[in-house]
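Working notes, structure below.
Bear in mind these aren't lab numbers, they're just calculated from the coordinates by the rules spelled out. Owing to the predicted nature of the structure, the values given are computational and were not obtained by experimental measurement. Glycine also receives a Cβ, built like all others from the backbone with ideal geometry; neighbour counts cover every protein chain displayed.
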Amino acid sequence: MKSMRKLLAAGVVAVVSLALVAGPASAKKPRDYAYFATIDCGSGPVRVGSGEDLWAPLVDLASGKKYKPVAWNVSVGEFVLQETKNDAPAKHAVDCNYSDGVATGTVTVKKV
């Protein structure tokens, strides 16, 4: 009977431990992004998601690393978008190739 209680207690501890570890991971909701694209800042292609704001961070879908856009130079057909954020310092910014399946060009980003 004593060994049965120990076995039961060990089982309960194992289940509770697993629930504590799995709980936070399963509680995370997948991020909803308005746009998805691929950027390449020189280290290979990175798949990113972003919000609807032109200056919303580009978030690496695999690692969660954020890239803060400070300038855009992209085109869709004959339409060209060239915008630079006025208050964004260019120090430590890097130009990245950008493609979202519709727009292509470059985005200048700072790693956040």
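With a 10 Å Cβ neighbour count serving as the proxy for reagent exposure, in which order, fewest first, do VAL107, VAL76, VAL70 appear? Before the final figure, lay out each step's value.
Values: VAL107 24, VAL76 12, VAL70 21.
Neighbour counts put them in this order, fewest first: VAL76, VAL70, VAL107.
Any chance you could run the full-extension gain for ALA56 through LYS91? It's 0.36 nm times the residue separation minus the Cα-Cα distance, nm to one decimal.
On the way: separation 35, 0.36 × 35 = 12.60 nm, distance 1.89 nm.
Residue separation times 0.36 nm, minus the Cα-Cα distance, leaves 10.7 nm.
Take the Cα of ASP100, step 7 Å toward its Cβ, do the same at ARG47, and the gap between the two points is 1.7 nm.
Once the piece of chain linking LYS65 and PHE79 is laid out straight, how much longer is it, given 0.36 nm per residue of separation minus the C-alpha distance between them?
Details: separation 14, 0.36 × 14 = 5.04 nm, distance 2.99 nm.
Result for the pair: 2.1 nm of gain on full extension.
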